[in-house]
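Here is the structure we will look at.
Nothing in this text is a laboratory measurement; each read-out follows from the coordinates by a stated rule. Here the structure is a predicted model, which is why all the values come from computation and not from measurement. Backbone-built Cβ (ideal geometry, glycine too); neighbour counts: all protein chains shown.
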Amino acid sequence: MPETENNKYQHQRLQAIRSAAAVFAEKGFHGSSTKDIAERMGIKQGSLYYYFKSKEEALGEVCLFGITDYVDRMNGIAASDQPFEAKLMATITSHLSSYREKNEALKVYNDERLYLPEAKRITLKSLGSGYRQLLEKIFEEGVQSGALRDSIDCHFAAQAVIGICNAWGDVIVRDPDVDLFDIIQKCTDLLLNGFCERRKIQRTDDEIDVAGNLNYQKNQN
């Protein structure tokens, strides 16, 4: 296929993926049909088979489209020499921005991928696990550098970041007018600084760190 024709095909195929994402996000996988996707794209149903052989293939392509780019970006963040705080903010920024850029595809990835055949799910799970492992590595490096306390469960922390970003990602999908920068700032602040004021108070023979570390130090006198 000549390069100009290939470029045209890739552009049209991207349109088909985005149309499928919009339909699946609105109606769910089981509530959608290839006819719905074709109508969203503005073509005849038979012409859709030029891009997808089946509704299941369309779902697989949408899910792959939704996750691939932000996994690639995470690779770059994890490989950088930035300090922990900067890497965490970059991760949150990338994750939440993906919902603005590919909001419907990521929603479909989160909500509908379980309807894919097992082989497709395994491929997507591998990508998702790779993302989490890279984030775990960022936390492990934060512990090693002294930026984080050594009692941190890095697996739990990575899952918590992903969970918070996915929850706010749903808000971004539902409300296109929501302030993305404000959400990024607040999520980063919460994950870096927690809820409690960072100060210490004295109570008789106990010292309580209100930032979250509760250490009882018995008065030796």
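If only Cα atoms are counted, what is the Rg of segment 1-134, and what is its Dmax, in Å?
Expressed in Å, the Cα Rg and Dmax of segment 1-134 come to 16.4, 53.
Do the alpha carbons of any pairs in Lys27/Lys125; Lys102/Lys125; Lys137/Lys186; Lys44/Lys125 sit beyond 26 Å of each other, and which pairs?
Working: Lys27/Lys125 23 Å; Lys102/Lys125 19 Å; Lys137/Lys186 23 Å; Lys44/Lys125 33 Å.
Checking Cα-Cα distances, Lys44/Lys125 exceed 26 Å.
Grab the beta carbon distance between Asn6 and Gln45, set R0 = 25 Å, and tell me the FRET efficiency rounded to 0.05.
Working: r = 24 Å, r/R0 = 0.97.
Working from the Cβ atoms, E equals 0.55.
Do the sum for the chain: with -39,500 (n - 2.57) for every DSSP H run of n ≥ 4, divided by all residues, what is the mean residue ellipticity at 222 nm, to the nearest 500 deg cm²/dmol?
Details: 8 runs with 149 residues, N = 221.
When only DSSP H runs of four or more count, the value is -23000 deg cm²/dmol.
Once phi is turned into ³J(HN,Hα) by the Karplus curve 6.51 cos²θ - 1.76 cosθ + 1.60 with θ = phi - 60°, what whole-Hz value does each residue of segment 47-63 show in order, with x for glycine and proline?
For segment 47-63, the Karplus curve yields 6, 5, 5, 5, 10, 9, 7, 7, 5, 5, 5, 4, 4, x, 5, 5, 4 Hz.
With the crude spin-label approximation of a point 7 Å out along Cα→Cβ, what separation in nm comes out for Glu101 versus Asn193?
2.8 nm
Determine, from the Cβ-Cβ distance of Gln185 and Asp111 and an R0 of 30 Å, the FRET efficiency 1/(1 + (r/R0)^6), rounded to the nearest 0.05. Show your work: numbers first, answer last.
On the way: r = 27 Å, r/R0 = 0.89.
Rounded to the nearest 0.05, the efficiency is 0.65.
Rank Ser94, Tyr115, Phe139 by how far each Cα sits towards the positive end of the charge dipole of segment 64-146 (+1 on Lys, Arg Cβ; -1 on Asp, Glu Cβ) and give me just the farthest.
With unit charges placed on the Cβ atoms, the residue in question is Tyr115.
Please get the size of the charge dipole for the chain, origin at its Cα centre, with Cβ charges of +1 on Lys and Arg and -1 on Asp and Glu, quoted in debye to the nearest 20. List each step's numbers first, then the result.
Numbers: 28 positive and 33 negative charges, 120 e Å.
It comes to approximately 580 debye.
Among residues other than Val71 whose Cβ falls under 13 Å from its Cβ, what is the net charge (Lys/Arg +1, Asp/Glu -1)?
On the way: positive: Arg73, Lys102, Lys125, Arg132; negative: Asp69, Asp72.
Charge balance near Val71 sits at +2.
At 0.36 nm per residue, and after removing the present C-alpha to C-alpha distance, how many nm does the segment from Ser54 to Ala167 gain when stretched out fully?
Contour length minus Cα-Cα distance gives 37.6 nm.
Just from the alpha-carbon atoms, what are the Rg and Dmax of segment 99-161 in angstroms?
In order Rg, Dmax, the Cα atoms of segment 99-161 give 15.0, 44 Å.
Going by average Cβ density within 10 Å per residue, which order do the peptides 54-66, 152-164 take, highest to lowest? Intermediate values should be presented prior to the final figure.
Details: 54-66: 20.9, 152-164: 15.3.
Highest to lowest by the protection proxy: 54-66, 152-164.
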